[in-house]
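Notes follow once the structure below has been shown.
Derivation of every value follows stated rules applied to the coordinates shown; laboratory data play no part. Since this is a predicted model, take the numbers as computed values, not measurements. As a convention, Cβ positions derive from the backbone with ideal geometry for all residues, glycine included, and neighbour counts pool all protein chains shown.
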């Protein structure tokens, strides 16, 4: 058995122990997974997270901070780009322990993309937004070469950047295949998951307008269709904040990000690639800003937010809270390594309790 297969088998065994992999009726009572906090040595808020494996992960956040671990979170190395203290990183996409791309948000030139090929020892700025009307929120990669970055609407349509060389260069895609945005509509730069991609498909999460929506592209961003999402909107602070897809099975989470505001119906499910969405029967009890499928399970996923973590084992129909810690985003690697990050330097790895 190869290393990758051994890791996958070990993770499946762990999931059986926690009850997430549909155990037999005679199995022991379910034990929920739990987060194991790591010591990052900083108080920066990490809304950007990339899970490479159970051992390797990258986080990016406030004050231009980028950290990387290669030992499962026992130690973190500060690999922040020099002179980036004034930047607000909200997304990081990593291909391995050496190659990563980070996105800084903000109006005009505050929106930037930087890339490293040597584990953060050096960084190259590969995009600086020249348009004061654009504000980039998040990005996604389909593979190690092709990816997209998303800006809030410019001239009434979302603006999309594309790269075909791993983030070394970027170009603005034509907007003629993009549906018109609603008045006040935008994407939320809350946890790097307002844009997600798989294969040739990409999805955009929106909010801030009369209706929360999910946009879908089947050709890597050239043309888009749009569907309403049954997550409350009608306010600049409400809408869909994060998406996760496994094939045609999609999960959407969001709500109202303001502290103390109720967020009923904060999750929805699609089974047709995002064409139609239905509310979760039992949604998370509050706003959630990140969501990820658990690898090597039939229908298990995690959603996170400032007030806790929720687990579904039936594909998003029902969620239940399993942790009350504050996290902004969550990501899982193919080998089963799942990570979460958030405020005050919080980064954790999923483990059995």
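In percent, what relative contact order does region 149-277 have, based on Cα pairs under 8 Å that are 6 or more apart in sequence? Show your work: numbers first, answer last.
Working: 335 pairs, mean separation 23.4, N = 129.
After rounding, I find 18 percent.
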Of 41, 336, 83, which is the most mobile in a GNM of the chain whose springs link Cα atoms less than 10 angstrom apart?
83
For region 242-300, take every pair of Cα atoms, bin their distances at 10 Å starting from 0, and report each bin as a whole percent.
25, 51, 21, 3
Residue 237 versus residue 143, label points 7 Å from Cα toward the beta carbon: distance in nm?
4.4 nm
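When the helices in the chain are scored as -39500 (n - 2.57) per DSSP H run of 4 or longer and the sum is shared across all residues, what 222 nm value do you end up with, to the nearest 500 deg cm²/dmol?
On the way: 1 runs with 16 residues, N = 353.
Using -39500 (n - 2.57) per qualifying helix, the result is -1500 deg cm²/dmol.
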Hey, how many Å between the Cα centroid of region 189-247 and the Cα centroid of region 57-103?
25 Å
So if I restrict to the alpha-carbon atoms in the chain, what is the Rg, and what is Dmax, the biggest pairwise distance, in Å?
18.8, 61
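What ratio of Cα Rg to 2.2 N^0.38 Å holds for region 273-315?
Working: Rg = 11.0 Å, N = 43, 2.2 N^0.38 = 9.2 Å.
For region 273-315, the normalised Cα radius of gyration is 1.20.
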Just to confirm my numbers, what's the Cα centroid distance between region 261-320 and region 328-353 in Å?
16 Å
Could I have the simple spin-label model distance between residue 98 and residue 124, label points 7 Å from Cα toward Cβ, reported in nm to one decimal?
1.4 nm
In Å, the C-alpha Rg and Dmax of region 210-338 are 13.8, 40
